Amino acid sequence: MTQSGDALPEDLIRTLLEARRVVVLTGAGVSAESGIPTFREAQRGLWAQFDPMALASPEGFAANPARVWDWYQWRRQLIADSQPNPGHRALSELAAMTEHFCLVTQNVDGFHQLAGSADVLELHGNITRTICSRTRSPVFDDWLARHADRSPPPSPHHPEGLCRPDVVWFGEALDESVLSAAMDAAAQADLMIVAGTAGAVYPAAGLPALAAENGARVLDINPEITAISSRADWHLTGTSARWLPRLVAALAAESGLRA
Ligand code: OAD
């Protein structure tokens with residue numbers, strides 16, 4: 001059912017109150033109110049002419065390492081100039097109110113951690129980390145600072161290696177241990193909250209169905225209807241910065257009433 005007023009469905013609050021295992025899956029939409037463009041909205045400014053899917057790929061990097069590196073440097077600066085929003089902070093608060101809580105994100109901006117969330121499962125990596133394009137060994141800031149004049153900097157780990165962001169590109173495999181932890185959490189969840197994702201990219205997009213197949217109820221928070229919304233038990237129409245704080249406040253009020 002789709003909710004768009006201000007009130008939260010009673011059965012949703014009751015489910016949240018009774019849930020012992022809550023898993024949250026977030027996408028680019030939860031960082032939209034921090035000013036970070038989502039993938040589906042048009043790229044801004046200088047990068048408007050490029051297709052993000054082409055840039056975020058091994059082929060794109062091989063064809064033009066400088067352009068891809070510069071795009072990620074632009075995104076890193078955008079993130080450095082921004083901050084988590086009330087939606088990120090609400091999830092950090094929700095974790096403290098839940099017996100077993102697991103936050104899985106497709107985002108690479110690190111905002112969940114900045115907002116206080118711990119043990120975040122980053123399915124698509126983290127843009128603030130840099131690795132070698134040949135060995136995938138980590139490259140640290142002192143090396144990057146010493147080679148800031150190069151785009152991209154050479155790798156310290158391999159003579160033909162280049163520096164690249166530690167994110168999953170299209171066509172690349174996800175970290176197996178992170179993915180299996182996310183799948184295990186989804187399969188054991190009582191409630192799965194999905195926020196800010198178009199549900200278009202697998203395997204992340206398959207997690208809500210995996211949770212539902214194992215008995216979880218599913219809540220989707222998105223201004224739009226997506227493939228996930230249409231199968232969810234509840235769809236709250238609107239932004240995550242609006243609904244997630246409301247969800248936490250309702251849980252706190254109900255918990256307080258029943259303490
Ligand atoms: P998308 O850009 O595909 O979708 C963003 C979703 O967030 C859309 O469904 C929007 O309706 C919704 N949205 C926008 N503003 C919102 C807000 N304020 N609150 C809540 N929802 C909002 O981003 P993702 O679904 O995260 O993959 O994309 C998944 C993956 O595709 C990304 O991780 C990336 C991309 O290609 C890789 O980089 C491997």
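Express the Stokes-Einstein translational diffusion coefficient of segment 1-102 in µm² s⁻¹, to the nearest whole number, given a Kirkwood radius over alpha-carbon pairs, 20 °C and a viscosity of 1.002 mPa s.
Numbers: Rh = 16.7 Å.
For the chosen part, D equals 128 µm²/s.
Work out, step by step, the length gained on full extension between A118 and A63: first 0.36 nm times the residue separation, then minus their alpha carbon distance; give nm to one decimal.
That pair, A118 and A63, stretches by 16.1 nm at full extension.
Based on DSSP, what percent of beta bridges with both residues in the chain are antiparallel, to the nearest 5?
Among the beta bridges of the chain, antiparallel pairing accounts for roughly 25 percent.
In Å and on Cα atoms, what radius of gyration and Dmax does segment 188-251 show?
Values for segment 188-251 (Cα only, Rg and Dmax): 11.3, 32 Å.
Extension gain S177-E254, at 0.36 nm per residue separation less the Cα-Cα distance, in nm?
Computed gain between S177 and E254 is 24.1 nm.
Dipole of the chain (Lys/Arg Cβ +1, Asp/Glu Cβ -1, origin at the Cα centre): which of P154, L247, L8 lies farthest to the positive side?
Selected residue: P154.
Take the Cα of E213, step 7 Å along the line toward its Cβ, and report every residue of segment 7-31 whose backbone nitrogen sits under 12 Å from that point.
Answer for segment 7-31: none.
Out of segment 156-255, which chymotrypsin sites (Phe, Trp or Tyr not before Pro) are coil in DSSP terms and have no more than 15 other C-beta atoms within 10 Å? If you can, show how the numbers build up before the last one.
Working: sites: W169, F170, W234, W243; in loops: W169, F170.
In loop regions of segment 156-255 (DSSP not H, G, I, E or B), the sparsely surrounded chymotrypsin sites (Phe, Trp or Tyr not before Pro) are F170.
Does anyone have the angle between helix 240-258 and the longest principal axis of the chain? Alpha-carbon axes, 0 to 90°, nearest 10?
Approximately 40 degrees, to the nearest ten.
Sorted by mean Cβ packing within 10 Å, highest first, what order do the peptides 138-144, 17-23 take?
Numbers: 138-144: 14.0, 17-23: 18.4.
The peptides rank, most packed first, as 17-23, 138-144.
Tell me what the chain gives for mean residue ellipticity at 222 nm when only DSSP H runs of n ≥ 4 count, each as -39,500 (n - 2.57), the sum divided by the residue total, rounded to 500 deg cm²/dmol.
Theoretical 222 nm ellipticity from helices: -10500 deg cm²/dmol.
Quote the charge dipole size of segment 1-121 about the Cα centre in Debye, to the nearest 20; the model charges only the Cβ of Lys and Arg (+1) and of Asp and Glu (-1). Can you show the working numbers first?
Values: 9 positive and 14 negative charges, 57 e Å.
Roughly 280 debye, rounded to the nearest 20.
Between segment 121-183 and segment 230-250, how many Å separate their Cα centres?
34 Å
Taking the inverse of the average 1/r across all pairs of different Cα atoms in segment 116-168, what Kirkwood radius in Å do you get?
Final number for the Kirkwood radius of segment 116-168 is 11.7 Å.
Any chance you could give the angle, 0 to 90 degrees and rounded to 10, that helix 176-188 forms with the longest Cα principal axis of the chain?
Result, in degrees: 10.
Out of residues 5 or more away from H124 or on other chains, whose amide H comes under 5 Å of its own, with H placed 1.01 Å from N in the peptide plane?
Long-range HN contacts for H124: none found.
Nearest 10 degrees is fine. How inclined is helix 65-80 to the longest principal axis of the chain, computing both from alpha carbons?
Here the helix axis deviates by roughly 40 degrees.
Could you state the principal axis extents of the C-alpha atoms in the chain, from the largest down, to the nearest angstrom?
So the extents along the principal axes, rounded to whole Å, are 62, 35, 29.
Since every read-out is calculated from the coordinates, none of them should be taken as a lab result. Because the structure is a prediction, the values reported are computed rather than measured. Cβ coordinates were reconstructed from backbone atoms using ideal geometry, including for glycine residues, and neighbour counts include every protein chain displayed.
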